[in-house]
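Undergrad: After the structure tokens below, expect a handful of questions from me.
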Amino acid sequence: MITVLAPLVRGLCLNAANAPRFVLAAVDKTAVPKNALTIDLESAYRKDDTGTMSFNETAAAKALSEAYAAWEFEISPSAADQGRPVKKHPSAILLKRGGETLGLFWIDRDIDAARKRRETADDSFIEETLPPADTVKKLGSAGRSDVVKNRVAVVTGGAQGFGEQISLGLASSGALVFIADLNLNGAEALAKKINAAQGRTAAIAVKADVTSEESAEALFAAIAREAGGLDLCVSNAGVLQAGSVLEQELKSFKFTTDVNYTGYFIVTKFASRLLRLQYLTSPVWKTDIIQINSKSGLEGSNKNGAYAGSKFGSVGLTASFALELIDYNIKVNSICPGNFFDGPLWSDPEKGLFVQYLQAGKVAGARTIADVKAYYEGRVPMKRGCEGPDVMRAIYYIVEQEYETGQAVPVTGGQVMLH
């Protein structure tokens, strides 16, 4: 129940403040804070056709929104703030059904502050000074990385390769990043490194298998419990096993498809369920699902049909998901990077693509790994592989661009161009 209530409460707070909020469920629900906003959700329970009482999410969202709207927000204008009014928001929200406590939630601007409130039972109001009435929304892209500041993000396959670069990039831009990876030890090591570098809780490691619905559901339930909700889901987990259609085993083909294509579907399924709950109480707050695709998803790949096919199919999923999920203000886009030559996918000395392609004879005349790498670098107009910052700029653009969804954006150094 907490994993349903938390995103509804977070959406409520996002809608009221039009700014990021972190929502944490209380461990002890018995001590009710004096300044808590108490909301009764009795009206959210409805009988179905069989007479069974069940929780109705839409009715709950209505009850929450109406109760929050009745909260007294404004404080007297402050001379120090040039007469601008100050809004106050509750830092604790108690949800009840009659005499039963459903959940107590602590709220603040960042996760460390929310954790401190929960630990100390600090129910002082969250105050914000309102901008001047004539403030105009600025155009431009200065400080573009700020679009993810204080946002909650998750990166699947986030412990290595492009996933590691994305996790590092989002954290350095002020986001809280859930590093979701089958390699939990690697995810925990990266999270520890990030948190030490940032001097705050900037990353949380979670074990996740994108090919398992149970694992994906548990991942997004953990995000709801730890942060209240989500703003950005980067579906990055992917694998590649090269092979000719004349020789590749079905087992290898299915493995690639299960992770790259079916895994993207599974991640989107459970991410969008969480994001939809937020939408019910915050219909103006836009969220993003971004799939890390590949240039192979735009042009194909010789002796690599399983990978390219999974990526081509994922572009179709992106366009289809985008049409459906925009009803909940969820934008869905793909980024199609060029080759990340320095990542383990290419450079692993035993299983990397350079080794695979050399063994498969994919590059005519190549005798060493260096020959294979030089060949692929030479095919890029900009004469280098794609790197982490290239992908990060695309992520910032997609999040910032409110008027675009369903796109497959190439980041290929000119190697693949859309027409």
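The values are calculated or read from the model by the stated rules, or taken from the named source; none is laboratory data. Not measured: the values here are computed from a predicted model. Because the Cβ atoms are built from the backbone with ideal geometry, glycine has one as well, and the counts that use them run over all protein chains shown.
Undergrad: Under the condition of being in contact with a Lys or Arg (Cβ under 6 Å, 6 or more places away or on another chain) and within 22 Å of Leu219 (Cβ to Cβ), which residue from region 279-301 is surrounded by the fewest Cβ atoms within 10 Å (Cβ to Cβ)?
TA: Residue satisfying both the conditions and the ranking: Asp288.
Undergrad: How many of the residues making up region 219-254 are part of a helix (DSSP H, G or I) and under 22 Å from Ser347 (Cβ atoms)?
TA: Residues that pass the stated criteria total 1.
Undergrad: Also, quick follow-up: Are there any pairs with C-beta distances below 7 angstrom linking a residue in region 150-178 that is under 17 Å from Leu274 (Cα atoms) to a residue that is acidic (Asp, Glu) and crowded, with 24+ Cβ neighbours inside 10 Å, with the two at least 6 apart or on different chains, and if so which?
TA: The qualifying pairs are Arg151/Asp231; Val152/Asp231; Ala153/Asp231.
Undergrad: Need the failing condition index for Ala366 against (1) buried (at least 16 other Cβ atoms within 10 Å of the Cβ); (2) in contact (Cβ under 8 Å) with a residue 12 or more places away in the chain, just the number.
TA: (2) is the only condition that Ala366 fails.
Undergrad: For Val177, state whether it is of a type outside the set (Lys, Arg), modelled with pLDDT of 95 or more and touching a Cys at 6+ places or on another chain (Cβ under 7 Å).
TA: The answer is no for Val177.
Undergrad: Scanning region 205-217 for residues that are within 15 Å of the chain's Cα centre (by Cα) and surrounded by fewer than 24 Cβ atoms within 10 Å (Cβ to Cβ), which turns out nearest to Arg151 (Cα to Cα)?
TA: Val206
Undergrad: Let me ask something else about it. Determine which single condition Ala202 fails, assuming it passes every other condition in (1) surrounded by 22 or more Cβ atoms within 10 Å (Cβ to Cβ); (2) closer than 23 Å to Tyr264 by Cα.
TA: For Ala202, the exception is condition (2).
Undergrad: Can you list the helices (runs of 4 or more DSSP H) lying wholly within region 294-372 that have 3 or more residues being not small (Gly, Ala, Ser)?
TA: 305-325, 344-347, 353-360
Undergrad: Give region 17-60 a look and list any residue that's farther than 15 Å from Lys96 by Cα, touching a residue at least 12 places away in the same chain (Cβ under 8 Å) and among the basic types (Lys, Arg), or say none.
TA: Within region 17-60, Arg21, Lys34, Arg46 qualify.
Undergrad: Further, regarding this structure: Would you please name the residue that is surrounded by the most Cβ atoms within 10 Å (Cβ to Cβ), looking only at residues in region 334-361 that are out of contact with any strand residue (DSSP E or B) (no Cβ under 8 Å at 6 or more places or on another chain) and in contact (Cβ under 8 Å) with a residue 60 or more places away in the chain?
TA: That would be Leu353.
Undergrad: Report the residue count in region 383-405 for those that are in contact (Cβ under 8 Å) with a residue 60 or more places away in the chain, part of a helix (DSSP H, G or I) and of a type outside the set (Gly, Ala, Ser).
TA: Qualifying residue count, region 383-405: 10.
Undergrad: Just name the residue that is farthest from Ile111 (Cα to Cα) out of those in region 1-44 that are surrounded by fewer than 16 Cβ atoms within 10 Å (Cβ to Cβ) and among the polar types (S, T, N, Q).
TA: The qualifying residue farthest from Ile111 (Cα to Cα) is Ser43.
Undergrad: Are any residues in region 124-154 in a helix (DSSP H, G or I) and at pLDDT below 75, and if so, which ones?
TA: None; the set is empty.
Undergrad: Taking Gly378 as the residue in question, decide whether it is without any contact (Cβ under 8 Å) to a residue 60 or more places away in the chain and either crowded, with 24+ Cβ neighbours inside 10 Å or under 21 Å from the mean Cα position of the chain (by Cα) (or both).
TA: No, not satisfied.
Undergrad: Can you pull out the residues in region 155-193 that are in a helix (DSSP H, G or I) and more than 17 Å from the chain's Cα centre (by Cα)?
TA: Within region 155-193, Gly161, Leu184, Asn185, Gly186, Glu188, Ala189, Leu190, Lys192, Lys193 qualify.
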